[in-house]
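See below for the structure under consideration.
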Amino acid sequence: MKGFKEFLLRGNVVELAVAVVIGAAFTNIVNAFVKGVINPIVGAFGTKDLASYSSCLKGPCAVSGTGEVTSGVLILWGSVLSAALQFLITAAVVYFVLIVPMNRMAARRKTVADEAAEAEAKEVQLLTEIRDALVTAR
């Protein structure tokens, strides 16, 4: 049980679990931010929806009314760009809201533990000196 507790409290495992949970929770917020803020900014330079950015690799590309490519090779790089922006925003939120405060808390804990260990070492040294003085006094 002690080993399992140490495994769970190891920094990397906790950080990974937090990142997964918070990343999943912020998916809708990030999607709304990209659609409501990023896409209109990009729309100032072109089309409003990032997913509509594409390039035709081979031949004239034709897209049916349902959105299927009927001829040519169409690369939908806009949807990849949109997904990359969503990832970066999610990663930034997780880092600045959770990881940074957790690292600060861990650093404070380490400082307190170091001070306690230092005080214990001084106490042991003092007790050793007292013992040695008592032995020599006999």
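The values are calculated or read from the model by the stated rules, or taken from the named source; none is laboratory data. The shown structure was predicted, so the numbers you read here are calculated from the model rather than taken from an experiment. In this analysis, Cβ positions are derived from the backbone assuming ideal geometry, glycine residues included, and neighbour counts consider all displayed protein chains. Ligands, DNA and RNA are excluded from the accessible area calculation, which covers all protein heavy atoms including side chains. Shrake-Rupley method; radii C 1.70, N 1.55, O 1.52, S 1.80 Å.
Per-residue HN-Hα couplings for region 33-43, Karplus 6.51 cos²θ - 1.76 cosθ + 1.60 at θ = phi - 60°, whole Hz, x for Gly and Pro?
With coefficients 6.51, -1.76 and 1.60, one gets 5, 5, 6, x, 10, 5, 4, x, 5, 5, x Hz.
What accessible area, in Å² to the nearest ten, does a 1.4 Å probe give for L16?
Approximately 110 Å² for this residue.
Total Lys pairs in the chain closer than 23 Å by alpha-carbon, pairs eight or more apart in sequence or interchain only? All intermediate terms of the calculation are to be shown ahead of the outcome.
Values: K2/K110; K5/K110; K35/K48; K110/K122.
Taking the Cα cut-off of 23 Å, the pair count is 4.
Given (1) 17.1, 61; (2) 29.2, 104; (3) 15.9, 48, which label gives Rg and Dmax of the Cα atoms in Å as computed from the coordinates?
Checked against the structure: label (2).
How much accessible surface area, in Å² rounded to 10, belongs to the heavy atoms of R104 with a 1.4 Å probe?
In the full protein context, R104 sits at about 150 Å².
Leaving out ligands and nucleic acids, note down the accessible area per residue over region 12-138 with a 1.4 angstrom probe, in whole Å². Mind dumping the intermediate values first?
Numbers: 9420 Å² over 127 residues.
The answer is 74 Å² per residue.
I'd like the orientation of helix 77-94 relative to the chain: the angle between its Cα long axis and the longest Cα principal axis, in ° from 0 to 90, rounded to 10.
Result, in degrees: 20.
Could you work out what % of the accessible surface of the chain is carbon and sulfur, using a 1.4 angstrom probe and leaving DNA, RNA and ligands out of the count? Each step should come with its number before you reach the end.
On the way: 7070 of 10610 Å².
Heavy-atom surface of the chain belonging to carbon and sulfur, 1.4 Å probe: 67 percent.
Mind pulling the angle between the C-alpha long axis of helix 11-25 and the longest principal axis of the chain? Nearest 10 degrees, somewhere in 0 to 90.
30 degrees
Direction-averaged shadow area of the convex hull around the Cα atoms of region 57-115, nm²? Spell out each step's value before the answer.
Working: hull surface 25.4 nm².
That works out to 6.3 nm².
Which of I38, S52, N103 sits farthest toward the positive end of the charge dipole of the chain, with +1 on the Cβ of Lys and Arg and -1 on the Cβ of Asp and Glu?
S52
Where nothing but the Cβ of Lys and Arg (+1) and of Asp and Glu (-1) is charged, how large is the charge dipole of the chain around its Cα centre, in debye to the nearest 20?
Result for the chain is approximately 180 debye, rounded to the nearest 20.
For I41, what accessible area in Å² do you get when you roll a 1.4 Å probe over the heavy atoms of the protein chains, rounding to the nearest 10?
It works out to around 100 Å².
Quick query: amide H of L74 versus all other amide H atoms, modeled in the peptide plane; which residues come in under 5 Å with a sequence gap of 5 or more or a different chain?
Those qualifying (amide H under 5 Å, at least 5 residues apart or on another chain) are L57.
Please compute the contact order of the chain in relative form: average sequence separation of alpha-carbon pairs under 8 Å and at least six residues apart, divided by the residue count, as a percent. Kindly include the intermediate steps, with their values, before the conclusion.
On the way: 86 pairs, mean separation 25.1, N = 138.
RCO, the chain: 18 percent.
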